[in-house]
Amino acid sequence: MQVLRMISTLRRLLALAICTVTASLAFAQQAPPLAGIAHVAIRVRSLDAARDFYNRIGFEEAFTLTDKDGKVNESFIKLNDHQFLELYPANPDNPKQASIGFLHVCFEGDDLQAIHDDYVAHGLTPTQVRKAVAGNMLFTRAGPIDAAGAAQNIEYTQYMPGSRHYEDRGKHIDSDRVADTLIGVSLAMKDPAGARDFYLNQLSFKSIAGDPMFLHMPGASGQEIEIATAKSLGTKARLTMRAANISKAARLLKKQNIAALKSKDTLTISDPDGNLIMIRGE
């Protein structure tokens, strides 16, 4: 009799485990896809120096935003029609704008409202979808604690006809740029294991075989994030870009007298503020 009760209990536990796994898989399968990384925002010591550096490696400034006095407070460096670097100048007179380095990552969605509503349906608390200054739709949500000790700001955007980004399609793309696609961004976190759990279980990212700290975003973009330790990266940005021709990229860097650390299929360079750019061949 006792054996039968034990078997019955084990069956119930097994059924519960199967239901839990099935629910988790259903959530992952039903999660609306992300189209890719839309932009990475970085605060820089000198906007002029940063813009010059990225222009030298083939990334042109598409447009800027200014404050009420006409001073540039944001520069949009174009990587391709869907991806940008947002450069913000440091302001030593404002403690919130004094520190240089990584600020946030923004993911692109083809149906932003569907992504937002899916998060809400699963108990998450994103901000409302709104129209941003540049004319695209946007919402944000708080993520895990980052290397600076603050909750990570995660942005989501959908490019809209008439926006500054949308109207720049086909423009400001240098054929001699060192890379053509941003395929990964590293996120320095205070608690890497907790951050990994957040991205897997709340945002439906998927683990990559061979390294548990590299995660694919939902969808078919193949783009990824890396959960890094605060000690290894600090507040610096680390971006991974793909080049169609790594030898051509190496020649361009040499022509511009930009030192690169070379490995088998990767070139690593740093910008004037020490942010790292890893360029990988296809």
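Points to keep in mind about this one:
- Remark: Asn136 falls outside the filter, which requires a residue to be surrounded by fewer than 16 Cβ atoms within 10 Å (Cβ to Cβ) and at negative phi.
- The numbered conditions (1) at pLDDT 95 or above; (2) under 23 Å from Leu203 (Cβ atoms) are all true for Leu267 except (2).
- Of all residues in the stretch 208-227, those being in a strand (DSSP E or B) and either modelled with pLDDT of 95 or more or crowded, with 17+ Cβ neighbours inside 10 Å (or both) number 8.
- Residue pairs whose Cβ atoms lie under 6 Å apart, separated by 6 or more positions or on different chains, with the first residue in the stretch 85-103 and free of Cβ contacts under 8 Å to residues at least 24 places away in the same chain and the second of a type outside the set (Gly, Ala, Ser), are Asn91/Gln97; Ala98/Pro92.
Let's see how each residue does on (1) at pLDDT 95 or above; (2) more than 30 Å from Ala179 (Cα to Cα); (3) touching a Leu at 6+ places or on another chain (Cβ under 6 Å); (4) among the small types (Gly, Ala, Ser):
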site	(1), (2), (3), (4)
Leu4	no, yes, no, no
Gln29	no, yes, no, no
Pro32	no, no, no, no
Asp48	yes, no, no, no
Ile57	yes, no, no, no
Asp69	no, yes, no, no
Tyr88	yes, no, no, no
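- The set of residues in the stretch 140-176 that are in contact with a strand residue (DSSP E or B) (Cβ under 9 Å, 6 or more places away or on another chain), under 30 Å from Ser247 (Cβ atoms) and either open to solvent by 60 Å² or more (accessible area, probe 1.4 Å) or modelled with pLDDT under 95 (or both) comprises Lys171, His172, Ile173, Asp174.
- Residues of the stretch 136-161 classified as under 14 Å from Ala41 (Cβ atoms), part of a strand (DSSP E or B) and hydrophobic (A, V, I, L, M, F, W, C), total: 2
- The residue list Ile246, Ile225 contains one member that is of a type in the set (Val, Ile, Thr) and without any contact (Cβ under 8 Å) to a residue 60 or more places away in the chain, which is Ile246.
- Unique match (being more than 20 Å from Gly36 (Cα to Cα) and in contact (Cβ under 8 Å) with a residue 12 or more places away in the chain) among Leu187, Leu233, Leu200: Leu233
- Of the strands (runs of 3 or more DSSP E) lying entirely inside the stretch 28-122, those containing at least 1 residues that are open to solvent by 10 Å² or more (accessible area, probe 1.4 Å) and under 26 Å from Ser207 (Cβ atoms) span 36-44, 101-108.
- Selection of the stretch 228-275 for residues being in a helix (DSSP H, G or I) and surrounded by 15 or more Cβ atoms within 10 Å (Cβ to Cβ) yields Ala230, Leu233, Ile246, Ala249, Ala250, Leu252, Leu253.
- Residue in the stretch 180-187 that is open to solvent by less than 10 Å² (accessible area, probe 1.4 Å), assigned to a loop (DSSP other than H, G, I, E, B) and hydrophobic (A, V, I, L, M, F, W, C) present: no
The values are calculated or read from the model by the stated rules, or taken from the named source; none is laboratory data. As the structure is a prediction and not an experimental result, all values here were calculated from the model. Every residue, glycine among them, receives a Cβ derived from its backbone with ideal geometry; neighbour counts consider all protein chains shown. The area values use the complete protein model at the heavy-atom level, side chains included, leaving out ligands, DNA and RNA. Shrake-Rupley method; radii C 1.70, N 1.55, O 1.52, S 1.80 Å.
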